[in-house]
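> Got a structure for you, written out below as structure tokens; questions coming shortly.
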Amino acid sequence: MYYTRFARKKYNEKSLSNLKQNLKTDENKMLSKLRNQSEIDDINAHTETYRLAYETVTKKALKTTLSKQQSSKISEITNVFIQSLLSQYRPERGFKQRSLSFALLTIPTNSQNVSDKKIISQLVKFIDDLKRVKNYIIDPVTKQQTKEYALQIENYIWRAETTENGVIHFHILFDSFINKNTLKRVWNNHLEKLGFERSFNSAHIHSIKNLRDVGAYVTKYLTKEPLRDKYKNMPKADLKNIPDSEKYRRPVIGKTWGCSKAILKLKYIEFVENDQAHLVELTEKLTEYKSELLPDFVSVFVGNIKDSLKKCSIKLQSMFKRWHQRQYDFLYQSKEKLLEIFEPLKPTQYVQLDLF
């Protein structure tokens, strides 16, 4: 038996700085208090106060956009989530199956005296309530609400961002049909709890039925940079010369995105060594990205995977279908099978199981 004495771990200056920031100093307590403050006079002024305090304590600029890791993670789980649902969707089944709904939730413009933290907390409660209500189906011909209802919401992804004047709003992707009247009613109930008046335009559902690439459309909204309107069409090379505080809208103080726990575990298809031939087949349909910044052992290919797959073999297409089937089964089938097992029991005999 051999024993090895490990060398003492050394920290570079940046790591030491981060360690100091995690200490419960008076400065960090002040940041926490500002971040969790519920009642404020003006959200824009409060954000500027928080920005100055943050930069004073941490010695670095406050992030106004998602990091590359966050954007990459959101893109991955969103695309896999969408493809797993679309792979099982059959038009003839109607609303009695998992589908996609993409909603926009807005806040009244006079919401300047309510903090982001308080509004986001209310959003979480809203989603919990929406998951419990019945989604009554609207007849596509008469436009009237029927007595039948679609599946209740189970999984979701949301993103918070601000408008030009600093008002927060949310984009949310759900895994079921959403009755627009129910969406507005429940959201308005929570707006009232925040002290706002009910509004007819407080909730809106994006039309994604005829989109060619739903994943690209939704991912754009969930990961886009919060640029001010006057800078949206400016080339990226020119944007680099403009300070973040000028070109970006007011940052959200608090959590900027979230999702149900199961969705966090979704991931892109993985190729093992035995699948090397299939990987080569797919990359041949794409365009290789060349850059001096890439290491010699890294190859990057770009292109539309959906269109490229149509040109590939049936076997490769089946691999992707099976992968999305597995992701779908992970999200839903386990619970559905358990419900079938307990179906013969009386309602009073049901057992509540928290699987995820």
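> Filter region 223-233 for residues that are surrounded by 14 or more Cβ atoms within 10 Å (Cβ to Cβ) and not charged (D, E, K, R); which is nearest to residue 168 (Cα to Cα)?
226
> Can you tell me which residue in region 260-279 is farthest from the chain's Cα centre (by Cα), limited to those that are surrounded by 10 or more Cβ atoms within 10 Å (Cβ to Cβ) and modelled with pLDDT under 90?
Among those that are surrounded by 10 or more Cβ atoms within 10 Å (Cβ to Cβ) and modelled with pLDDT under 90, it is 277.
> A further question on this structure: Looking at 88, 97 in this structure, which one is under 19 Å from residue 266 (Cα atoms) and either assigned by TED's automatic domain parsing to the domain that holds residue 188 or touching a residue at least 24 places away in the same chain (Cβ under 8 Å) (or both)?
Details: 97 fails: under 19 Å from residue 266 (Cα atoms).
After applying the criteria, what remains is 88.
> Here's a follow-up. Those residues that are part of a loop (DSSP other than H, G, I, E, B) and buried (at least 16 other Cβ atoms within 10 Å of the Cβ), I need them from region 38-74; list them, please. Reasoning before the result, please.
Looking only at region 38-74, we keep the residues that are part of a loop (DSSP other than H, G, I, E, B), and these are 38, 40-42, 59-67.
Hits for region 38-74 are 40, 62, 64, 65, 66.
> While we're here: Every residue in region 140-159 that is outside any strand (DSSP E or B), surrounded by fewer than 21 Cβ atoms within 10 Å (Cβ to Cβ) and touching a residue at least 40 places away in the same chain (Cβ under 8 Å), please.
Those that are outside any strand (DSSP E or B), surrounded by fewer than 21 Cβ atoms within 10 Å (Cβ to Cβ) and touching a residue at least 40 places away in the same chain (Cβ under 8 Å): 151, 154.
The values are calculated or read from the model by the stated rules, or taken from the named source; none is laboratory data. Keep in mind it's a predicted model, so treat the numbers as computed, not measured. Neighbour counts run over all protein chains shown; Cβ positions are idealised from the backbone, glycine included.
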